[in-house]
Number of protein chains: 4
Amino acid sequence: MPDILRVAVVGAGRMGADHIQRIHHRISGAEVAAVVDIDLDRVNAAIDGIPGAKGYTDLDAALSSGEVNAVLLATPGFLHHDALLKVLEADIPVLCEKPLTPDAASSWEIVEAEAKLGRKRIQVGFMRRFDAEYQQLRQLIENQGLGELLVLHHQHRNPSTPEGFTNQMLINDSVVHEFDAIRYFTGEEITSVQVRLGKATRNAPNGQHDPQHVLIETSSGVLADVEIYVNAKFGYEVATQASFEDGIVSIGNDAGPYVRTAGQWGGKVTPGFEERFGAAYDTEIQSWVDAALRGELGGPSAWDGYATAACCEAGVEAQRTGAKVDVQLNSKPDLYS
Amino acid sequence: MPDILRVAVVGAGRMGADHIQRIHHRISGAEVAAVVDIDLDRVNAAIDGIPGAKGYTDLDAALSSGEVNAVLLATPGFLHHDALLKVLEADIPVLCEKPLTPDAASSWEIVEAEAKLGRKRIQVGFMRRFDAEYQQLRQLIENQGLGELLVLHHQHRNPSTPEGFTNQMLINDSVVHEFDAIRYFTGEEITSVQVRLGKATRNAPNGQHDPQHVLIETSSGVLADVEIYVNAKFGYEVATQASFEDGIVSIGNDAGPYVRTAGQWGGKVTPGFEERFGAAYDTEIQSWVDAALRGELGGPSAWDGYATAACCEAGVEAQRTGAKVDVQLNSKPDLYS
Amino acid sequence: MPDILRVAVVGAGRMGADHIQRIHHRISGAEVAAVVDIDLDRVNAAIDGIPGAKGYTDLDAALSSGEVNAVLLATPGFLHHDALLKVLEADIPVLCEKPLTPDAASSWEIVEAEAKLGRKRIQVGFMRRFDAEYQQLRQLIENQGLGELLVLHHQHRNPSTPEGFTNQMLINDSVVHEFDAIRYFTGEEITSVQVRLGKATRNAPNGQHDPQHVLIETSSGVLADVEIYVNAKFGYEVATQASFEDGIVSIGNDAGPYVRTAGQWGGKVTPGFEERFGAAYDTEIQSWVDAALRGELGGPSAWDGYATAACCEAGVEAQRTGAKVDVQLNSKPDLYS
Amino acid sequence: MPDILRVAVVGAGRMGADHIQRIHHRISGAEVAAVVDIDLDRVNAAIDGIPGAKGYTDLDAALSSGEVNAVLLATPGFLHHDALLKVLEADIPVLCEKPLTPDAASSWEIVEAEAKLGRKRIQVGFMRRFDAEYQQLRQLIENQGLGELLVLHHQHRNPSTPEGFTNQMLINDSVVHEFDAIRYFTGEEITSVQVRLGKATRNAPNGQHDPQHVLIETSSGVLADVEIYVNAKFGYEVATQASFEDGIVSIGNDAGPYVRTAGQWGGKVTPGFEERFGAAYDTEIQSWVDAALRGELGGPSAWDGYATAACCEAGVEAQRTGAKVDVQLNSKPDLYS
């Protein structure tokens, strides 16, 4: 086991640059050893002020440098498949930002490759699992403190979407987090997805039907629904209300200083995911580092990445057809049970 | 126009007895002139302590006594049809507790009879329309202060159900209020209903599948959903969260003294509909009295009663089949437009 | 005992006019029989639309008309003393808006006159005692559900003050309600008052030092403090936080629809006392009417009016001197024990 | 400037042991190089699992080992004076847990010694300054977004006190945090302290009068008051309500999952300071490390430690006498302006 994780951060865009700063300034037991991006300017900007970090435009070069013993993969999703195979070949731990890969078939190839390797090396970046409230709700479901969980209502609201955010991305980039959260809360697989399209906001770009109402079922029959609303303007909100046999639990409520002025009481809405989940990212990365130094996973696995990819495929078809679509999953390899 | 409403309260069960006390103790401009119930003991108990109130076991006798100029109908719903026809014949104002009648066909007969009379005499007891928060949400929808309304999420939770509460009554007795609320909020008719049955609580009596998730659409495409959960144990909750183009509004939140003791912060959950809507009942009855003294309606009409009956019929079929069921409505008579 | 309270409302200013509408439209068992004001135009405006109400410019004329069997006194406080003596002479129930009289000495004369009459005829208009949260907090203190009450923190904030509102009126018109509330909550007399003057807002008119911090002790040693802040701009707030041996209770929290828009979560601050205590006024007047028809008091007595007047005198001296000032009370007549 | 802070943690009790774990597991840029405690067993327990950390029973030995370039002082306060002088002599950065020293005179000696050294080496552990809500309130006061700050109401409530917690420790160990918070919020010195003793809980140990009400003034006339209540049973609470010219701000409100069950709504009260301020401790230590690596202070200075010691002395006298006691401060050395 290494003493310290010498991380190659692959992808120096917004998310990668954030992780570089995080590892350098706030994470114990890890250092940024390499930054990899095809854009050399971006590489140089990212390693500026990070002593000891070297820049690469190619993952292979970084992996073969001998100075790297872990990878944080923060490129766009379509580049994940090939990079993950290389990391598995190098047999070192990797934190792969979601999605594992953009579709279920390619995700399944990753699962098979890792199963063949016989060691869980891939942790997927579903950071919500490291949010304190998410963990408390999961624990309450597990220990049945309020009896059986029956229904989950999710709200996922963004102020607006970046350019090029398509209608399918509502499912693949946004609801994907809810698929994972529902799997995390219930400890069950999702069996079907249905999508309702109703009245749309005039604030969505062309081609997006926003909001949408996504209906989900799990293997034991828990009903979940998601209001996905990505041009909601007012602010950012990720919240869940859970109905149990013996009570109701809500997480994701607004907090912070409480102000009364000019006839209004209240506070500031969380503006975005960085503010909402910043602490969860820190905890996620620290958990990954601590576990990787022990040769373990500190979070969701490649199987979780594959299963949510399958949910997304069903979700996109449901969005297109309006019908209830079953989620198709291969058998879970032993490595993940 | 009369100076004072001399009300015959028909039905001296729990709801009727409540209204008798309300009119006697808290309502201005009305007095309990008669109490009608087939059970004479109940009549006598109800008029005890109400000076001037006379008891009857028959509505005809009360109407022909010359001492009554208005009716409050609080019998079980299956008795409403005949009583309403008599009141229309007497051409006096009536407040009819919901439902107007138990099914759309008999409700339509009432609508036709009133249309033939040519005067709106029947107000239906959807008391939520008199709740301050309901009125504020409706106003916000109407004046588009937050842009267009897009989605409504309703929670309707009861601690438990009385004996004999069947699976169909989840729709006919509970969701009926949500049908009316959605119609009230949007000012639109409901066009379809779908019902999802998932994991059920072990606290429901035999024959009830509880909770259920009801999916509703309005004529302009507003999506609504209702979690109906009538054995929820924790307390009583009727709440709505509305998503607009420019923001989110919630009503029905817990209030009252805020206590911290023994490691817990919070307060008391509203135990039942009397506590939640007691003030709304007062306002409803006062509004009916004030309007009736002017020869007008002070609340929802027979048409509203008919339209919600049609929604209930669609809802019960949707519950049975799992399919999305269209709501069938006759053309609205001129009297109600 | 009369069947109905035929009320002479004395004083047709803002508060009197409100009470006239209240009695006419929302109170059962009472009617406005007379309106008395020295300004005949105001009388005529007030009785317009109130069938059966007669106008007077003189209380004696109203009392001797034979058409009045109760009085609601809503004139400025300096006119209360003489009017109350006349009502006591007529031996009919009166609801006297606070203050009983403007000073302890004249209040004591009223107490003595009522004690001599031997019947409690005077109810004082401390309407907060009819607010549901006030009643719940009092009940919790009485039944010691959280052990002994130890400390009370009061906030009394107004958006602004009417013209002519002097520094002494912060005590006599505003803190007077807190004096009564503390007496009501604890069931004890107040023994001393101290006033701290610190940094003042620039939004107060000349001559007012605003806010002030008032320190109060009760006979058993409960510590209370009041932030009185009458040009607080943001809205209206009357709130209390109570520290018990076993917990903390807060009343007066903001409620109503919960809105998120434009980066803010929250709702509307109550704008003024009508919105905050409107329901309490209704309950107060109905309680007075119901009790008066039984020959009883339905709320605080002349003794309560006298005791708060004595607190105000101590408060004004404390405001002037900065010292802790003892409250001087005569012995309580048997009538009030 | 060193690359990494090699910290000697002095004092391996509860707080010291926490900091050792924190530095080892969550802080970037620092490592635990030494643990010093007179109790060798405690030293050995503390360094177990911390690779590279050496144990000492004597600060001098640690300082002269050549392996330490910073000190975190977590012994009882009465040992701080001598240790701080040694650290100043070594001219290395130190984070000194509060209090700086137990009294104003000895604190002043530290200030003088540091002023003579001419470099700010001492940061005092008032960790609340690193709480996000504290920082937001301070910023709002500074930028006058709601006009001038006028009044501060503080609540400081603990479930219970450890054995041996004396009446004076309510001031010296608990209110000391409020003294610093008021100085932090306002950027002003405290000029006087008064203490009110009223009704006491039966849950306090002998010799403690609990709760107490502490009245504080700042140099510009801001009024503050503190309810210090250290046997409050219900849980832990540190909260402030600030009255401004244009509004009211509250911090320290309860948060976390919102549960409704068994007739109650609410959540869990924070049980203690670790849960309330755990994140603030992390931020404080990281801030100290980051600043120390640049040769700067990352938080409150020795002057802040001295000034709060002077407030505590005034507070204890005020507690004993009931009088308003002025706070005596020496002139601030140039180093701190």
Hey, can you list the residues from the stretch A:103-134 whose accessible area shrinks by 10 Å² or more with all protein chains present, relative to the chain by itself (probe 1.4 Å, no ligands or nucleic acids)?
A:Glu133
For the pair C:Ser64 and A:Ser160, how long in nm is the line joining their label points, each one 7 Å along Cα→Cβ?
7.8 nm
Going out from 0 in 20 Å bins, what whole percent of all Cα-Cα distances in the protein assembly as shown drops into each bin?
9, 31, 35, 19, 5, 0
Highest GNM mean-square fluctuation among D:Val259, D:Val175, D:Val249, for chain D with Cα springs under 10 Å, belongs to D:Val259
Inter-copy separations for A:Thr321, label at 7 Å along Cα-Cβ, nm, ascending
2.0, 8.6, 8.8
What translational D, rounded to a whole number of µm²/s, comes out for the stretch C:15-132 from Stokes-Einstein when the hydrodynamic radius is the Kirkwood one over Cα pairs, at 37 °C and 0.692 mPa s?
220 µm²/s
Within the set C:Val269, C:Val327, C:Val94, GNM on chain C using Cα springs under 10 Å gives the largest fluctuation to C:Val269
Run the label-point distances for B:Ser219 please: 7 Å along Cα to Cβ, every other copy, nanometres, shortest first.
4.7, 6.8, 7.0
Please compute the average number of Cβ atoms from other chains found within 10 Å of each residue's Cβ in peptide A:26-32.
4
For the protein assembly as shown, what is the accessible area per residue in Å², given a 1.4 Å probe and the full set of protein chains?
37 Å²
In the protein assembly as shown, what percent of the accessible surface is made up of carbon and sulfur (1.4 Å probe, ligands and nucleic acids excluded)?
48 percent
Size-normalised alpha-carbon gyration radius of the stretch D:252-337, reference 2.2 N^0.38 Å:
1.69
Kindly provide the helix-only [θ] at 222 nm of chain A, computed as the sum of -39,500 (n - 2.57) over DSSP H runs of four or more divided by all residues, to the nearest 500 deg cm²/dmol?
-11000 deg cm²/dmol
To the nearest 0.05, what FRET efficiency results for A:Ser192 and C:Ser192 with a Förster distance of 56 Å applied to their C-beta separation?
0.20
Using the Cα centre as the reference, give the magnitude of the dipole from point charges on the C-beta atoms of the stretch B:21-71 (Lys, Arg: +1; Asp, Glu: -1; all else neutral), rounded to the nearest 20 debye.
280 debye
Taking the convex hull of the Cα atoms, report for the stretch D:86-151 its projected area averaged over all directions, in nm².
6.3 nm²
Pull up the cross-link candidates among the lysines for D:Lys324, meaning alpha carbon to alpha carbon under 24 Å and not fewer than 8 places away within one chain.
C:Lys199, C:Lys324, D:Lys199, D:Lys332
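I want the local charge near A:Ala200. Using Cβ-Cβ distances under 10 Å, sum +1 for each Lys or Arg and -1 for each Asp or Glu among the other residues.
-1
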Nearest-to-axis residue of chain C, judged by Cβ, for the C-to-A rotation, with distance in whole Å?
C:Gly266, 1
Report the A-D buried area as the accessible area lost on both sides summed, probe 1.4 Å, in Å² to the nearest 100.
1700 Å²
Mind putting a number on the dipole of the stretch B:199-337 about its Cα centre? Charges go on the C-beta only, +1 for Lys and Arg and -1 for Asp and Glu, and I need it in Debye to the nearest 20.
640 debye
Between their Cα atoms, which of D:Lys233/D:Lys268; D:Lys86/D:Lys120; B:Lys86/B:Lys120; B:Lys98/B:Lys233 are more than 18 Å away from each other?
B:Lys98/B:Lys233
Taking the Cα centre of the protein assembly as shown as origin, sum charge times position over the Cβ atoms of Lys and Arg (+1) and Asp and Glu (-1), and report the length of that vector in debye to the nearest 20.
0 debye
The correct pair for the stretch C:147-193, radius of gyration to one decimal and Dmax as a whole number, both in Å and from Cα atoms, is 13.0, 44
Under a point spin-label approximation (7 Å from Cα along Cα-to-Cβ), what is the D:Ala323-D:Glu112 distance to one decimal in nm?
2.7 nm
Anyone know which of C:Gln319, C:Gln123, C:Gln139 comes out most mobile in the 10 Å Cα GNM of chain C?
C:Gln139
Chain B - Debye-derived log10 I(q)/I(0), Cα point model, q = 0.10, 0.15 Å⁻¹:
-0.61, -1.33
Counting only other chains, what is the mean number of Cβ atoms within 10 angstrom of the Cβ of each residue in peptide A:227-235?
6
Shortest-first distances to equivalent copies, position A:Gly187, nm, label 7 Å out along Cβ:
5.1, 5.1, 5.4
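The values are calculated or read from the model by the stated rules, or taken from the named source; none is laboratory data. Every value quoted in this text rests on a predicted model; they were computed, and no experiment measured them. So basically every Cβ, Gly included, is an ideal-geometry build from the backbone, and we count neighbours across all protein chains shown. Ligands, DNA and RNA are excluded from the accessible area calculation, which covers all protein heavy atoms including side chains. Shrake-Rupley method; radii C 1.70, N 1.55, O 1.52, S 1.80 Å.
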